[in-house]
Amino acid sequence: MIRKLRLNTTYTLIAGAICLLLISYQLALKNTLEAWQLNKKLNAQVNKVTIAEQPAYLERQDKALAAIIKAYQTDTVNYRNTIVSQISEIGDKEHVRIVEVPTQTNFSTGQYLVQKINLKGDFFALLRTLNHLQELNGIGYVRSVLLKKNANPNRMKEDKEVLLDLYLEVIKQRDF
């Protein structure tokens, strides 16, 4: 009887190990192996495909780049007048003044035009104005901002006006 029990336990142990192996394969290994095979197959397909075979992708990329360039491209003849009028309109709403619009050609290059504008007002009003300018199309990309507090010892303590040097950059309009 003991011999029969040992033999039965051995068979039960082997059967249990086989069942455990099948269950672990079904629950864990099967999905992993399928995902690995799919990954191998897709990588082989990606290596075969080149960008020249995807004209729709190139057209979408061209349209996206053209839209970006159009947003930051302007006519340089009227650019200065346009930005002064648009900034003064926004500045009136936010109680910000244009102090100076200097003519500087040392920032400009053959393709880009950089315009410096000096604004004066309350710190928070300047930030709101800057936010409006970043959302506005046609005046260019806000390239740099410098906030300065007036360090004049004769000024009143209640004077909270801050100076803002704003640099706007646009792409010069060219004939393609």
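The values are calculated or read from the model by the stated rules, or taken from the named source; none is laboratory data. This one's a predicted model, so the numbers in the text were calculated from it and none came from an experiment. As a convention, Cβ positions derive from the backbone with ideal geometry for all residues, glycine included, and neighbour counts pool all protein chains shown.
The table below lists the values:
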{"read-out": "Subset of segment 25-45 that is among the small types (Gly, Ala, Ser) and under 37 Å from the mean Cα position of the chain (by Cα) - its residue that is modelled with the highest pLDDT", "value": "Ala35"}
{"read-out": "Close pairs from segment 139-154: first more than 13 Å from Phe123 (Cβ to Cβ) and part of a strand (DSSP E or B), partner at pLDDT below 85 and not acidic (Asp, Glu), Cβ under 6 Å, at least 6 apart", "value": "Tyr141/Tyr72"}
{"read-out": "Matching residues in segment 71-97 - criterion: being part of a strand (DSSP E or B) and at pLDDT 90 or above", "value": "Arg97"}
{"read-out": "Search result, residues across segment 99-135 that are closer than 15 Å to Arg80 by Cα and not in a strand (DSSP E or B)", "value": "Val101, Pro102, Thr103, Gln104, Thr105, Phe107, Ser108, Leu133"}
{"read-out": "Where Leu113 falls short, out of the listed (1) hydrophobic (A, V, I, L, M, F, W, C); (2) at pLDDT 85 or above; (3) surrounded by 10 or more Cβ atoms within 10 Å (Cβ to Cβ)", "value": "(2)"}
